[in-house]
Every structure is written in structure tokens, then in C-alpha cells.
Amino acid sequence: MAIAVGDRIPSVTVQHMTQGGPADISTDEIFAGRKVVLFALPGAFTPTCSAAHLPGYVVHADDIKAKGVDEIICLAVNDAFVMDAWGKMQNVEDRVHMVADGSAALSEALGLQLDLTERGFGIRSDRYAMIVEDGVVTALYREAPGKFEVSGAEQVINRL
């Protein structure tokens, strides 16, 4: 069952890159006492993710944060090295926090995983965006398979 508006984000450990290398970070650390926009996508360096989804959040980060958002999180089922390299290639800098869900633990805990095994990609994350306030989902915009219509930065800005 997929997470829904009003549900609390489950406590899961994911990773992000630090100056010392990959490090664990819990969802409790990410979401507690803060307003966060989390957007997730099937994979780093993939066409729609690289051409539209992540770049939209990079371009509109200031507009999103101006609406009271403390942090923007990009989540994908990739390791922290890949997420870091992709973020550098996309000139993310400090505008978007690149978070690695390498084993799909968070994606599965949220019920927002996508099985692309038949295409050789394994378990990935669905494409979605959510607004989370103090660990509780206040809005969720999940894409239909193969679509990119409701989870982009522009759509989220209009809903904040």
C-alpha cells in the first residue's frame, strides 16, 4: 500500500554524499521539524530525469524555498556516488539535496517502488513529488507510468 496524505514518513536509513564520502542519514533527520519537498525519479542520468525533472528543481529552487520550504530532496534508487556525480553534472550545488536510496528501502517502505526488472533496471522509485511537514505527508503527486505531468517543480510551486 502506498503512502498517502496524512501518513508519517517511515523511519528508514538512506545515504548522501558528504566531504568524507557516503554517509547514512535517516528520514527522521531529513524531515523532523521541517517543511521539505521530496521528489523521486526512476534513476540518475536517465532521459526525463536528466532533461526535465531534476533541472526544473534546480532552476526553481529559490522560488520553492521562498514559499517556506526548508529543503528540496531528490531521491533515486542509485548509490551515493552516482547521485553525487549526477548532481555535479546538473550543477545542483546546494539547491537540491541528492539522496541515495541504493537498496530501494525507502521507496519500498513508501510503497512507491517501480519494478523495471524486465527492462534490466531492477526495482526503482516511482516518479512523484511530495510535500512533507514535520514528517507528515501533506501533498503527494504521483505520476502515471511513463508520464511526467504532475511532479515537476513548476507544478509543486503552484501547490505550495
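Computed quantities for the displayed model
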| quantity | calculated |
| --- | --- |
| Cβ pairs under 6 Å, 6+ apart, first in segment 33-50 and over 27 Å from ALA66 (Cα atoms), second of a type in the set (Gly, Ala, Ser) and modelled with pLDDT of 95 or more | GLY43/ALA76 |
| Qualifying position, being at pLDDT 95 or above and touching a Cys at 6+ places or on another chain (Cβ under 7 Å), among PHE39, PHE81 | PHE39 |
| Enumeration of residues in segment 106-127 that are buried (at least 16 other Cβ atoms within 10 Å of the Cβ) and in contact with a helix residue (DSSP H, G or I) (Cβ under 9 Å, 6 or more places away or on another chain) | LEU106, ALA109, LEU112, GLN113, LEU114, ARG124, SER125, ASP126, ARG127 |
| Yes/no for PHE81 being of a type in the set (Phe, Trp, Tyr) and out of contact with any helix residue (DSSP H, G or I) (no Cβ under 7 Å at 6 or more places or on another chain) | yes |
| Test result for PHE39, closer than 17 Å to SER125 by Cβ and in a strand (DSSP E or B) | yes |
| The lone exception for GLY146 - which of (1) at pLDDT below 95; (2) in contact with a Ser or Thr (Cβ under 8 Å, 6 or more places away or on another chain) it fails | (2) |
| Verdict on GLY6 being part of a loop (DSSP other than H, G, I, E, B) and either at pLDDT 95 or above or not polar (S, T, N, Q) (or both) | yes |
| Checklist (1) surrounded by 21 or more Cβ atoms within 10 Å (Cβ to Cβ); (2) not in a helix (DSSP H, G or I) applied to ASP24, failing item | (1) |
| Condition check for CYS74: at pLDDT below 95, under 18 Å from ILE123 (Cα atoms) and within 14 Å of the chain's Cα centre (by Cα) | no |
| Elements of type helices (runs of 4 or more DSSP H) contained in segment 55-160, each with 2 or more residues being over 26 Å from MET1 (Cα atoms), in contact (Cβ under 8 Å) with a residue 24 or more places away in the chain and hydroxyl-bearing (Ser, Thr, Tyr) | none |
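Listed here are the residues, each with its yes/no results for (1) closer than 21 Å to PHE148 by Cβ; (2) β-branched (Val, Ile, Thr); (3) surrounded by fewer than 20 Cβ atoms within 10 Å (Cβ to Cβ).
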residue	(1), (2), (3)
PRO10	no, no, yes
LEU41	yes, no, no
HIS53	yes, no, no
VAL58	yes, yes, yes
ASP63	yes, no, yes
GLU71	no, no, yes
VAL82	yes, yes, yes
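The values are calculated or read from the model by the stated rules, or taken from the named source; none is laboratory data. Predicted model only: the values in this text are computed from it and were never measured. Glycine gets a Cβ as well: all are built from the backbone with ideal geometry, and neighbour counts include every protein chain shown.
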